[in-house]
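The values are calculated or read from the model by the stated rules, or taken from the named source; none is laboratory data. This one's a predicted model, so the numbers in the text were calculated from it and none came from an experiment. Here the Cβ positions follow ideal geometry from the backbone for every residue, glycine too, while neighbour counts run over all protein chains shown.
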């Protein structure tokens, strides 16, 4: 089955971890992930500036490793990201901000990518809230 | 044929960016001519309140964006009647009030659902 996965919560929310576990299980079960789309506070789950305490899981870095390892299409909504200060090098330059906290494998793009993924997938699975 | 999508908007317009971000999904889908429905549920029905004064809480007024829905070809706009009644609100003509049973049926009818 083809899944599109949308995430609306930050890396410290249990729902971000649930989404990651779901995505890992989907691939392990032989399914396909057409795209991950991070929206609302989900953009924080892609931030490279998160520092998790040593005895806690670093979900943002686990997301990054997962997307890289499986060469998935990981899209972060650009409007939601700008509003929350999640910027790649290009956007930091464009808006003259000093900090960059988004890099590969994540790509910034628009909401059309969410609709495109939902159309291409058999199932759209959303994760948000606590 | 395109898959249908129902967006359920559950947050008040002044409670953060959620109301606006739900609406943005709908408008983006409309721009792609996708079959999209929008349901206001729980505190989301506050977005339908008339005579809002967004400036008083230093917010942008969302109601103009709501009026843009029909321009984007979004005509399937609904409001939960129970949520409206709980909050003493009346649905404007642009949003069709639905009973809980009708909402259950509608959620079944749409192929995909996003709740924000």
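Within segment A:2-34, being outside any helix (DSSP H, G or I), in contact (Cβ under 8 Å) with a residue 12 or more places away in the chain and away from every other protein chain (no Cβ under 14 Å) holds for A:11, A:12, A:13, A:31, A:32, A:33. If you go through segment A:12-33 and keep only what is more than 10 Å from residue A:1 (Cα to Cα) and surrounded by 18 or more Cβ atoms within 10 Å (Cβ to Cβ), you end up with A:13, A:15, A:16, A:17, A:19, A:20, A:23.
Those helices (runs of 4 or more DSSP H) of segment B:6-91 in which 3 or more residues are buried (at least 20 other Cβ atoms within 10 Å of the Cβ) occupy B:18-31.
Evaluate the following for residue A:39: is it within 14 Å of another protein chain (Cβ to nearest Cβ), in contact (Cβ under 8 Å) with a residue 12 or more places away in the chain and closer than 20 Å to residue A:120 by Cβ?
For residue A:39, the condition - within 14 Å of another protein chain (Cβ to nearest Cβ), in contact (Cβ under 8 Å) with a residue 12 or more places away in the chain and closer than 20 Å to residue A:120 by Cβ - is met.
From the set of residues in segment B:1-53 that are at the interface with chain A (Cβ under 8 Å from one of its Cβ atoms) and in contact with a strand residue (DSSP E or B) (Cβ under 8 Å, 6 or more places away or on another chain), which is farthest from residue A:112 (Cα to Cα)? Here the residue is B:18. Scanning segment B:94-104 for residues that are in a loop (DSSP other than H, G, I, E, B) and under 13 Å from the mean Cα position of the chain (by Cα) yields B:94, B:95. Among the residues of segment A:71-82, some residue qualifies, meaning at least one is over 23 Å from residue A:3 (Cα atoms), within 14 Å of chain B (Cβ to nearest Cβ) and either free of Cβ contacts under 8 Å to residues at least 24 places away in the same chain or part of a strand (DSSP E or B) (or both). Looking at this structure, is residue A:114 at pLDDT 95 or above, under 26 Å from residue B:35 (Cβ atoms), away from chain B (no Cβ under 14 Å) and buried (at least 17 other Cβ atoms within 10 Å of the Cβ)? Answer is no for this residue. Do we find that residue A:87 is within 14 Å of chain B (Cβ to nearest Cβ) and touching a helix residue (DSSP H, G or I) at 6+ places or on another chain (Cβ under 9 Å) in this structure? No: the conditions fail for residue A:87.
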